[in-house]
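Engineer: Got a structure for you, written out below as structure tokens; questions coming shortly.
The values are calculated or read from the model by the stated rules, or taken from the named source; none is laboratory data. Because the structure is a prediction, the values reported are computed rather than measured. Cβ sites come from the backbone with ideal geometry, for glycine too, and all protein chains shown count toward neighbours. For the accessible areas, the whole protein counts, side chains as well, though only heavy atoms, and no ligand, DNA or RNA atoms are used. Shrake-Rupley method; radii C 1.70, N 1.55, O 1.52, S 1.80 Å.
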Amino acid sequence: MHRPAVFAALLGLARAASAVGDFWVQTDFCARVKGASDDAPVIYEDPATKEKTTHGTADGRKACLHHCLTYTATQAIVTGLGARALGIRVHPGAAAAALALSFGTHYIADRRVPGHGVLEKLADKTGKTNFYKLASHGMNGAFHLDHSWHHGWETVAALIATTKAITR
């Protein structure tokens, strides 16, 4: 087995699955409500019925949990099928650890409670506050910082997944 090639393959599969999970699998409800809190509630308008509902902390946590579960399931399916097609056998423990890391770090980043989210605090501490808040000229700083966070952790997860991996 050539571990760098296995790493590159697993990272590419996980990155593609991440984009699918974040943008195609995630529901509109989860995308809008996952950062809701009692102090910063989110009013969600159902696109079909136009009914408006207000959501606080409990609903925000549930929406973020649901999104992270479907996101991680998408990564597991795509990466698992892709690895099989490429003849890579990933150790089950390493796969579970990589997916757990992806799930946990995704939840941390996506539970963006205004003023309390980890990414916002990290942006503040690293001098990126203005970039985090940027939402003009076709740019969204929070989005880009979110994705760079995910890319970084997916790289670590891919490194973990290569532990004890073998090729057929």
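Engineer: Residue check, Gly12 against (1) of a type in the set (Gly, Ala, Ser); (2) within 18 Å of Thr167 (Cα to Cα); (3) assigned to a loop (DSSP other than H, G, I, E, B), all met but one. Which one?
Structural biologist: Every condition holds for Gly12 apart from (3).
Engineer: Right, another one. Taking the stated definitions as given, is Ala109 at negative phi and touching a His at 6+ places or on another chain (Cβ under 9 Å)?
Structural biologist: Here the answer is yes, as Ala109 does meet what is asked.
Engineer: Check Asp38 against each of (1) farther than 19 Å from His116 by Cβ; (2) surrounded by fewer than 15 Cβ atoms within 10 Å (Cβ to Cβ); (3) at pLDDT 95 or above and name the one condition it does not meet.
Structural biologist: (1) is the only condition that Asp38 fails.
Engineer: Which of the residues that make up region 26-35 are of a type in the set (A, V, I, L, M, F, W, C) and either open to solvent by 60 Å² or more (accessible area, probe 1.4 Å) or within 9 Å of Asp59 (Cβ to Cβ) (or both)?
Structural biologist: Selection gives Phe29, Val33.
Engineer: Look through Gly60, Gly93, Gly80 and report the one residue that is farther than 24 Å from Val118 by Cβ, assigned to a helix (DSSP H, G or I) and either open to solvent by less than 30 Å² (accessible area, probe 1.4 Å) or touching a residue at least 40 places away in the same chain (Cβ under 8 Å) (or both).
Structural biologist: One residue alone meets the criteria, Gly93.
Engineer: For region 13-24, enumerate the residues that are more than 10 Å from Gln75 (Cβ to Cβ) and either open to solvent by 40 Å² or more (accessible area, probe 1.4 Å) or in contact with a Leu (Cβ under 8 Å, 6 or more places away or on another chain) (or both).
Structural biologist: Of everything in region 13-24, those that are more than 10 Å from Gln75 (Cβ to Cβ) and either open to solvent by 40 Å² or more (accessible area, probe 1.4 Å) or in contact with a Leu (Cβ under 8 Å, 6 or more places away or on another chain) (or both) turn out to be Phe23, Trp24.
Engineer: Still on this structure, I have one more. What number of residues within region 47-57 satisfy the criterion of being open to solvent by less than 30 Å² (accessible area, probe 1.4 Å) and assigned to a loop (DSSP other than H, G, I, E, B)?
Structural biologist: 1
Engineer: Consider Tyr44 carefully, then state whether it is part of a strand (DSSP E or B) and of a type outside the set (Val, Ile, Thr).
Structural biologist: Here the answer is yes, as Tyr44 does meet what is asked.
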